[in-house]
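Accompanying notes for the structure given below.
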Amino acid sequence: MRTLVAQTQTEIEVRKSRFIAVAIPITDLSQIKGLVAQARLEHPGANHVVHAAVVGPDGQQISYSDDKEPKNTAGRPAVEVLKGSGITDILVLIIRYFGGTLLGTGGLVKAYGESVKEVLKRAATEELIEKKAFALTIPYNLYELTKIALNDTEATIDEESFTTDITIVGSLPHSNATALSQAISNLSNGSVTVSFTDA
């Protein structure tokens, strides 16, 4: 699976109707409601704000709405394109300005599907890497060597606190957890252990 790197927007026109597609990175389906509401504020003249979303490491969680378009003519075709793309943790909003010509159910299915395809063509994605969160506490004399070990294992540091000792909190690719654990154990002669949780 891949994930979206940054928000992306495209627009297509179908028989005078404008379809603006916005792809947004999300991590939870609960974020959708607020983003739909925000899109409505930004596009007060739009007739419909349809959404389609795929979330989770296997893309198993989905959400979509037709937003007053005929049933299964908007959200469903949009989410089917998303499911087939191999991209997860993504929300696509399709904002439609009606152009005066009815597209019919087949025309709507095609237009909403095409909108998602177009925005995905432009979207920058990256490989979804399963991460583990870690925390460790070290004495000051091991700080520089620990930083090297963290760098070698592609760790991202979220927080460092300097008190009697130094506590470092961050995340790293799941596959590098054992290597980090061993490196820290070796550096500290077994006196420091790294604690891990799923990120």
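Taken together, the values in this text are just the output of simple stated rules run on the coordinates, not laboratory data. In this text the structure is predicted, and so the values were computed from the model without any measurement. A quick note on method: Cβ atoms are made from the backbone with ideal geometry, for glycine too, and the neighbour counts reach across all protein chains shown.
Each DSSP beta bridge with both residues in the chain is either parallel or antiparallel, and the antiparallel ones are about 95%. In degrees between 0 and 90, to the nearest 10, how far off the longest principal axis of the chain does helix 177-187 point, with axes built from Cα atoms? The angle comes out at about 20 degrees. The ranking of PHE162, PHE19 from fewest to most other beta carbons within 10 Å of each one's beta carbon is PHE162, PHE19. Shown for HIS51, HIS43: other C-beta atoms within 10 Å of each C-beta, ranked fewest to most, produce the order HIS43, HIS51.
Restricting the GluC sites (Glu not before Pro) of region 126-199 to loop positions (DSSP other than H, G, I, E, B) with no more than 16 neighbouring Cβ atoms within 10 Å leaves GLU130, GLU154. A Förster radius of 30 Å combined with the Cβ-Cβ distance from ASP152 to ASP28 puts the calculated FRET efficiency at roughly 0.40. Between the listed residues GLY170, TYR140, VAL192, the Cα displaced farthest toward the positive end of the dipole of region 131-198, a dipole computed from Cβ unit charges relative to the Cα centre, is found at VAL192. In the chain, the longest principal axis of the Cα atoms and the axis of helix 75-85 are about 40 degrees apart. For LYS117, the lysines whose Cα comes closer than 16 Å to its Cα, not counting residues fewer than 8 places off in the same chain, are LYS83. Taken about its Cα centre, region 131-198 carries a charge dipole of about 160 debye when Lys and Arg each add +1 at the Cβ and Asp and Glu each add -1 at the Cβ. Using the Kirkwood radius over Cα pairs, work out the Stokes-Einstein diffusion coefficient for the chain at 4 °C and 1.567 mPa s, in µm²/s as a whole number. The estimated diffusion coefficient comes to 67 µm²/s.
Within a straight-line Cα-Cα reach of under 16 Å, LYS16 can be paired with the following lysines, leaving aside sequence neighbours fewer than 8 residues apart in one chain: LYS110. Counting only alpha carbon atoms, the long axis of helix 143-152 and the longest principal axis of the chain meet at about 40°.
Could you tell me which residue out of VAL36, THR101, SER65 lies farthest along the dipole of the chain toward its positive end? Charges go on the beta carbon: Lys and Arg +1, Asp and Glu -1, centred on the Cα centre. After comparing all options, I get THR101.
Between region 97-129 and region 165-184, what's the alpha-carbon centroid distance in Å? Going from one Cα centre to the other spans 42 Å. For trypsin sites (Lys or Arg not before Pro), the sites in region 64-139 that DSSP calls loop and that have at most 14 other Cβ atoms within 10 Å are LYS68, LYS71. Here is the list for region 11-61: trypsin sites (Lys or Arg not before Pro) lying in DSSP coil, each with at most 13 other C-beta atoms within 10 angstrom of its C-beta, are ARG15, LYS16. Most tightly packed first, judged by the mean number of other beta-carbon atoms within 10 Å of their residues, the peptides 185-194, 85-94 read 85-94, 185-194.
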